[in-house]
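As structure tokens, the structure follows; a few thoughts come after it.
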Amino acid sequence: MKIKAFPLGSYMTNCYLVWNDKNEASLFDCSDSRLQSILSFIKEHNLTLKNVILTHGHGDHIGGINEIKHIFPDIKIYIGKEEEKFLTDPSLNLSYAIQGYDFSYTGDFTPLKEGDSIFGFEVIDTPGHTIGSKCFYNRESNFMISGDTLFRRSYGRYDLPTGSLSQLQKSLKKICENYPEDTIVYSAHTEPTLLGEEKRVLKSQGMF
């Protein structure tokens, strides 16, 4: 499995294009409607985009899904089942504060839950940043896409709607203690890191 980051939107959110040896691709998060860099890469490498998988429902992660669905009408949109309302409720997705306008998506989507498998990734419930935040682990390539749950030397804020410090602490402990320490972690707002390194930092900070 190959992976490439595309920083998009006002927050330069890392949106990750992942593809296999069949040239089938998934996009994890879609921050902005200005998609030229992703579209050019897909065309250059002759990839077939199958779906968009959302780590959670904040505006800087979902703001481009209307546009990409328009360009690729046959793709599927996936989001945690707890976050369905984030797609249509700007007071939850915080799009005005993030992007300067209210964002809503009213198209089709498929809800995800822990234990599901999507495009070779294990779906992991990691609430705390938001109630339905998800991480995605690919065992074959040993990497994890963590959204805003875990960053390099940091973690997602928990003071926004549906956030919870206690839930975030449990989620961080869960991924740090149940997945290999040499797992590469690709987050939405920092450079890649190793799970074992972040486990030691989080423990030193008293997060679990």
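Per-structure values
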{"read-out": "Failed criterion for Thr88 (all others in (1) open to solvent by 20 Å² or more (accessible area, probe 1.4 Å); (2) of a type in the set (S, T, N, Q); (3) touching a helix residue (DSSP H, G or I) at 6+ places or on another chain (Cβ under 7 Å) hold)", "value": "(3)"}
{"read-out": "Pairs where the first residue, in the range 70-96, is free of Cβ contacts under 8 Å to residues at least 40 places away in the same chain and under 14 Å from Ser133 (Cβ atoms) and the second is open to solvent by less than 40 Å² (accessible area, probe 1.4 Å) and part of a loop (DSSP other than H, G, I, E, B), C-beta under 6 Å, 6+ apart", "value": "Asn93/Gly57; Asn93/His58"}
{"read-out": "Every residue from the range 74-92 that is in a loop (DSSP other than H, G, I, E, B) and either touching a Lys or Arg at 6+ places or on another chain (Cβ under 6 Å) or over 17 Å from Phe28 (Cα atoms) (or both)", "value": "Thr88, Asp89"}
{"read-out": "Positions within the range 20-73 being among the polar types (S, T, N, Q) and either open to solvent by 10 Å² or more (accessible area, probe 1.4 Å) or assigned to a strand (DSSP E or B) (or both), in sequence order", "value": "Asn20, Asn23, Ser26, Ser33, Gln36, Ser37, Ser40, Asn46, Thr48, Asn51, Asn66"}
{"read-out": "Thr110, sole failed condition from (1) open to solvent by 20 Å² or more (accessible area, probe 1.4 Å); (2) polar (S, T, N, Q); (3) free of Cβ contacts under 8 Å to residues at least 60 places away in the same chain; (4) farther than 21 Å from Cys30 by Cβ", "value": "(4)"}
{"read-out": "In the range 151-208, the residues that are touching a Gly at 6+ places or on another chain (Cβ under 8 Å), open to solvent by less than 10 Å² (accessible area, probe 1.4 Å) and within 21 Å of Tyr11 (Cα to Cα)", "value": "Gly156, Ser187, Ala188"}
{"read-out": "Looking only at the range 127-159, and only at residues there that are without any contact (Cβ under 8 Å) to a residue 60 or more places away in the chain, hydrophobic (A, V, I, L, M, F, W, C) and out of contact with any Cys (no Cβ under 7 Å at 6 or more places or on another chain), the one that is farthest from Pro111 (Cα to Cα)", "value": "Phe151"}
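The values are calculated or read from the model by the stated rules, or taken from the named source; none is laboratory data. Being a predicted model, the structure only gives us computed values, none of them experimental. Reconstructed Cβ throughout: ideal geometry from the backbone, glycine too, with neighbour counts over all protein chains shown. Note: areas computed on protein heavy atoms with side chains; ligands, DNA, RNA excluded. Shrake-Rupley method; radii C 1.70, N 1.55, O 1.52, S 1.80 Å.
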